[in-house]
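J.: Pasting a structure here, questions to come.
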Amino acid sequence: MAMTWLITGANRGIGLEMARQLRERGDVVVGTARDPGDAEALEAVAERVIKLDVSSEASIEWAAMELGEMPLDALVNNAGSPPVKGSITELDLAEFEAAMAIHALGPLRVTRAVLPNLRRGSGKLIVTISSELGSNEIAQGSLYYGYKMGKAAANMFTSTLGTDLKSEGFTCLAMHPGWVSTRMGGEQAPVTPEESVSAMLKALGGLGPGDSGSFVDRFGEGLAY
Ligand SMILES: NC(=O)c1ccc[n+]([C@@H]2O[C@H](COP(=O)([O-])OP(=O)(O)OC[C@H]3O[C@@H](n4cnc5c(N)ncnc54)[C@H](OP(=O)(O)O)[C@@H]3O)[C@@H](O)[C@H]2O)c1
């Protein structure tokens, strides 16, 4: 049966490719963009495009109002900003706070706002696109405070949410897409958006409530938090 997905930051990169592949297989996509006026590629594949800045509570409230009572089967918290390198003394605190607002708070705020829609749907799937850089075990040795701390918080959010929504049958996952050749990943990245997304969608097909709360790679294999 066709599923209805809400994907944040879907105007380019991994989000746009996910919207494309889902549409191709017959699912319905509601995509969000900070600037819907500049989201032609998304317009071409999405049922609806909604304006959303995941770092703004007001924007999230507006987007939830736009959705109204529309049932959603799946949410993909995909929106993200690139890592910024710097030592503790070089750190720009405003930039750090912006990264935390997007990566740490964004998935929590968006999920909370659209939970009534997800409860009306039958898919009961919440995926947060995270990163190995958010894993304490894997990401040692790099100086990306905001991104790493934000993704680590997103991972903990997923694990806590998995416990919280367990009795309702939700599957909540944090997923590392690989190093992907998007604007964020750069041209030298070895994995194309097409490969990353097709692997993630295949893996999601094999994961269920028993896996909820876990952090996995694009193939669905467990990663250390
Ligand atoms: N590429 C990689 O190698 C890689 C690796 C690990 C994890 N990830 C994660 O994968 C996700 C997608 O990244 P990507 O590689 O596709 O990057 P991308 O091509 O740079 O796309 C990022 C998307 O997020 C949106 N965005 C940024 N800030 C936002 C905000 N405050 N509110 C709403 N949307 C916002 C961007 O919108 P605008 O066009 O308006 O800027 C864009 O649509 C991110 O969460 C990223 O951290 C990527």
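Read the figures in this text as sums done on the coordinates, not as results from a lab. Note that this is a predicted model, so its numbers are computed, not measured. In this analysis, Cβ positions are derived from the backbone assuming ideal geometry, glycine residues included, and neighbour counts consider all displayed protein chains.
J.: For the chain, list the DSSP H helices whose alpha carbon atoms reach 27 Å or more along the long axis and whose average Kyte-Doolittle value is -0.5 or above?
T.: Numbers: long enough: 145-164 (28 Å, -0.29).
Helices passing the filter in the chain: 145-164.
J.: From the residues 215, 136, 157, which one has its Cα farthest along the dipole of segment 119-225 in the positive direction, the dipole being from +1 and -1 charges on Cβ of Lys/Arg and Asp/Glu about the Cα centre?
T.: Working it through, the farthest residue towards the positive pole turns out to be 157.
J.: State, as an integer percentage, the relative contact order of segment 7-142 based on alpha-carbon contacts under 8 Å between residues 6 or more apart. Before the final figure, lay out each step's value.
T.: Numbers: 189 pairs, mean separation 32.4, N = 136.
Relative contact order of segment 7-142: 24 percent.
J.: So which lysines pass the test for residue 124, namely a Cα distance under 16 Å, with those fewer than 8 places away in the same chain ruled out?
T.: 166
J.: How big is the dipole moment of the chain about its Cα centre under a simple scheme where the beta carbon of each Lys and Arg is +1, that of each Asp and Glu is -1, and everything else is neutral? Debye, nearest 20, please. Walk me through the numbers on the way to the answer.
T.: Working: 19 positive and 28 negative charges, 81 e Å.
It comes to approximately 380 debye.
J.: Rank these for me by crowding, 170, 96, going from fewest to most other beta carbons within 10 Å.
T.: Ascending Cβ contact count within 10 Å gives the list 96, 170.
J.: Then there is this: Taking the chain as a Gaussian network, Cα atoms linked when under 10 Å apart, which of 154, 199, 44 shows the biggest mean-square fluctuation?
T.: Among 154, 199, 44, the largest GNM mean-square fluctuation belongs to 44.
J.: Order these by the 10 Å Cβ neighbour count, fewest first: 119, 25.
T.: On the way: 119 13, 25 9.
With the sparsest Cβ surroundings first, the list reads 25, 119.
J.: Can you give the longest run of the chain that contains no GluC sites (Glu not before Pro) sitting in a DSSP loop with at most 11 other Cβ atoms inside 10 Å? Don't jump to the answer; show the numbers that get you there.
T.: Numbers: sites that count: 69, 90, 137, 187, 221.
My reading of the result: 1-68 is the longest stretch.
J.: Roughly how compact is the chain, stated as its Cα Rg over 2.2 N^0.38 Å to two decimals? Show your work: numbers first, answer last.
T.: Working: Rg = 16.2 Å, N = 225, 2.2 N^0.38 = 17.2 Å.
That ratio works out to 0.94.
J.: Mind checking the full-extension length gain between residue 136 and residue 195? Use 0.36 nm per residue of separation minus the Cα-Cα distance, one decimal, nm. Working shown, then result.
T.: Values: separation 59, 0.36 × 59 = 21.24 nm, distance 2.61 nm.
Length gained, residue 136 through residue 195: 18.6 nm.
J.: What is the log10 of I(q)/I(0) for segment 1-83, computed with the Debye formula using one identical point scatterer on each Cα and no solvent, at q = 0.23, 0.25, 0.26 Å⁻¹?
T.: Evaluating at q = 0.23, 0.25, 0.26 Å⁻¹ gives log10 I(q)/I(0) of -1.09, -1.27, -1.36.
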